[in-house]
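So the structure is just underneath, and the comments pick up after that.
Throughout, read-outs are computed from the coordinates displayed, never taken from laboratory work. Since we're looking at a predicted model, the values are computed, not measured. Cβ atoms come from the backbone with ideal geometry, glycine included; neighbour counts cover every protein chain shown.
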Amino acid sequence: MVRFQLLGHVSARSEHGPVPLGTARQRAVLAALLIEPGVPLSSDQLVERVWGTTAPRSARQTLHSYISRLRSVLGDAGGPAPTRRSGGYVLDADAAAVDLHRFRALVTQARSADGDTAGSLWQDAMALWRGAPFAGLDSDWLHCLAVTLAAERQAARLDYYDLLLRRGEHARLLPEVTADAEAHSLDERLAGQLMVALYRCGRQSDALAHFRLVQERLADELGSDPGSALRDLHQRILRHDPELAVPVAVSATVSMAAPGNPTGSHTDGAADSTSASEPPGRARPSHRPAQLPSTSPGSPGATATCGASTRCCPTSRTTRRPGPW
């Protein structure tokens, strides 16, 4: 069986090793076919996807040559090969053998799974990424699709963070979500996840400081304020809302390094001070799911995607789900 990689440098591997896929343009032809396996694509569609508006007059002839070479090398490797059918060229590859489609299938399964099963599915999905999609290929259509896929990956990552927070794994999550929040500084859902992780680690002042940082960035870069969900979370952290504690179902299994200090890291005075509510690391009598800020089209934290995504990225999947933690 030949397996294909699109989430990184476009490549193929059989049981005997790497399959020689040829030049960058030839690999771009293969990528265009693999994005929609089993769907016939006309010569004009493939020329547009591979060359775009800069296609030379000889593009169609060159395309036929690339298809012939791909048919030869993939056939020799024992994999599916491009064939000509009514309507155009088609590559009948098993979706499970293409990392992009495998990623999407795992994400769909993870979003409907629970507990350890969901965690394993998320990890398997994320492990499929080996770099930027279609790395090294010069195609406007593929670049546009890569932007969309990066947004899909980020949405999936935030859903995974929600799972870790629900499971009380805030200490494990903190380094990764901190780096991610710095890379996506205007994403309010991500900011909320970091604030919750900090608070549950006994770092209330750091959680509040991050809110102020996001507030300043939104004002400076977009001229807007944080959304109502993030503002509400800020107020709940200020008043030590008991519902921000680690869920009761998992709190008994969370290893505490010291009373009131789940991670063994520094605990600020605000989190340790005597108040009517308990420290954030301790379980409460009850817990109901709450909602973290979510990004939606037009909101300050929304992920930018290609403006022509409907035209050049027909398989784009913009999924923005608010994540209960």
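Cα centroid separation, the range 7-70 to the range 140-156: 19 Å. The slack between Leu238 and Ser42, meaning 0.36 nm per residue of separation minus the straight C-alpha distance, is 64.6 nm. Take the Cα of Ala132, go 7 Å toward its beta carbon, and the backbone nitrogen atoms of the range 23-56 under 17 Å from that spot belong to 24-25, 28.
Rounded to the nearest 20 debye, the dipole size of the range 3-95 about its Cα centre is 300 debye, using +1 on the Cβ of Lys and Arg and -1 on the Cβ of Asp and Glu. With a Förster radius of 45 Å applied to the beta-carbon distance between Thr117 and His64, the computed FRET efficiency rounds to 0.45.
What percent does the relative contact order of the range 3-95 come to when contacts are Cα pairs within less than 8 Å and at least six residues apart? Don't jump to the answer; show the numbers that get you there.
On the way: 115 pairs, mean separation 28.5, N = 93.
Taking the mean separation of contacting Cα pairs over the length of the range 3-95, I get 31 percent.
The Cβ shell under 12 Å around Gln26 holds other residues with a net charge of +4, Lys and Arg each +1, Asp and Glu each -1. Size descriptors for the range 3-95: radius of gyration and Dmax over Cα atoms are 12.4, 39 Å.
Roughly speaking, what is the stretch gain from Arg231 to Ala95, that is 0.36 nm per residue apart minus the C-alpha to C-alpha distance, in nm to one decimal?
Values: separation 136, 0.36 × 136 = 48.96 nm, distance 4.24 nm.
Going from the current span to full extension adds 44.7 nm.
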